1. Residues of segment 290-315 with the amide nitrogen closer than 12 Å to a label point 7 Å from the Cα of D283, along Cα-to-Cβ, please.
2. Under 14 Å Cα-Cα from K250, which aspartates and glutamates qualify once same-chain neighbours fewer than 8 residues away are excluded?
3. Of the listed pairs K170/K252; K120/K170; K278/K384, which have alpha-carbon separations greater than 27 Å here?
4. Need the full-extension length gain, K120 to A99, defined as separation in residues times 0.36 nm minus the C-alpha distance. One decimal, nm.
5. Determine ³J(HN,Hα), in whole Hz, for all residues of segment 188-205 in sequence, where each value follows from phi through the Karplus function 6.51 cos²θ - 1.76 cosθ + 1.60 and θ = phi - 60°; x replaces Gly and Pro.
6. Order these by the 10 Å Cβ neighbour count, fewest first: L245, L261.
7. Once a ≥ b ≥ c are taken as the square roots of the eigenvalues of the Cα gyration tensor of segment 223-397, is the result rounded (a/c under 1.5), prolate (a/b larger than b/c) or oblate (a/b not larger than b/c)?
8. To the nearest 0.05, how large is the calculated FRET efficiency for R344 and E381 if R₀ is 35 Å and r is the Cβ-Cβ distance?
Amino acid sequence: MGVFSHLHLQAGRAGWCARLSDCLDGGPLCPPEIRQACGTREKRQRQALSPETPLSIAHVDTGHELRGGQRQLLLLAHGLRERGHSQLIVCPEASELRAHAEADGFPVLALPQNDFKHFKGIRELRQRLNGTGPMLLHAHDGVGQTVSWLASFGTRVRRIATRRVTYLPKRRIDYRLKYRHTCHAVVAVSLFVGRILEEAGVPPGMINVIPDGIEIPERLPDSVSRRAARAGWRLDESEFVIGHLGGISKEKGYDLALKALEILSDRLPNARMVLGGKISIEDLAASPLATAVASGQVLLSGYQEDLFELFSGLDIYIMPSRSEGLGSSALMAMAHALPVIATRVGGLPEIVEDGKTGWLVAPESADALAQAIAAAASNPERLKELGSNARLRSMEFSADRMVERTEALYRRLITPGQAHQAATSQRMRASG
């Protein structure tokens, strides 16, 4: 007899609804006899957990490129491994994340290519969970959240979803259903993202604000590394060098940066921009960036694993984003003692303090961006002061702090009775 048949025959429609509700809150989808046998084992496991007990976590991400979210996953995984926790990384077999995870020594469950809706991958992950698999599933993207839910439906595995995008869904009821029933906790990477989630109908008690973390470099750029970086770009001390990561993503506002440089062509003719990130020849040829590169006003640094050299040669870092969950690249620049010019969108105002660690400007305004760049170039001493402040500010967003907060959330979720109490209180608030 299948599990859904068991649900229906157990106690008619009312019993089916009650049991399904229990399952959606993390209860097991199985007959009472199996529940009793499995529950005894799980109860012993949970009672044996202490603050020092190693955890078992599976991270799920379905992206193919190595972008900010995937980098944060790896940073978290490294920090958790140092704390003694075992981990499995679930990702597409052809993804950059898989290559990096395996190179770093993490076990990987590769989601097969040409697997419609990841059905095969979900089945394999579920088999792992039914054995001696992870006790926690942490989804790092939206599709990964669905994969985690389907793979663990009817088990006692606790599910966490990280949210880093800043837009509201068209149908907010979808959010309420998705986040109430597919996970037990949501990580928002900024207060702004947390407010978006709450506005979309996610219960406030499920939302945990844990900002992205960065590795704080012990070594800071100096005159030697600055000259070396600029020599590689064929620039000297007379140029005012602006940095930007993100390639030619419109979301990151590279077009606004180009317009700002055009506005400054007479006022600040020595301004140059170094643009980092992967850019194909085809994309470059089809973008307005091609002219600026040909003129020497913009230099392409390409993809760099180690950003120390890039940051060493810069005077300032800009982030003219149209949307931003937090802005980890701005934090990395700040950690290298660079002030940041950022748009007042998303989580950026939570890290960039206007007039203290950089400048905040209006979004979609190349004029405001140009004005801030000109102000930065006109006062080198002020720039140095803001850079020192930025370095101190970045330390509040260290990777260690991010890992510590995430680990604490994991332990709260597997504390006996705590998750059930949270779910009950959420239902009471909803009914009230």
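Rule-based calculations on the coordinates, nothing more; no lab input. Model, not experiment: these values are computed from the prediction. Backbone-built Cβ (ideal geometry, glycine too); neighbour counts: all protein chains shown.
1. So the set is 302-303.
2. D283, E324, E364
3. Working: K170/K252 23 Å; K120/K170 30 Å; K278/K384 30 Å.
Violating the 27 Å limit, Cα to Cα: K120/K170; K278/K384.
4. Working: separation 21, 0.36 × 21 = 7.56 nm, distance 2.05 nm.
Full extension from K120 to A99 adds 5.5 nm.
5. Whole-Hz 3J(HN,Hα) from phi for segment 188-205: 9, 7, 7, 4, 4, 4, x, 5, 4, 4, 5, 5, 7, x, 6, x, x, x.
6. On the way: L245 26, L261 22.
Ordered by Cβ neighbours within 10 Å, fewest first: L261, L245.
7. Details: a/c = 1.31, a/b = 1.16, b/c = 1.13.
Rounded, because the longest to shortest axis ratio a/c is under 1.5.
8. Working: r = 26 Å, r/R0 = 0.73.
Using R0 = 35 Å, I get an efficiency of 0.85.
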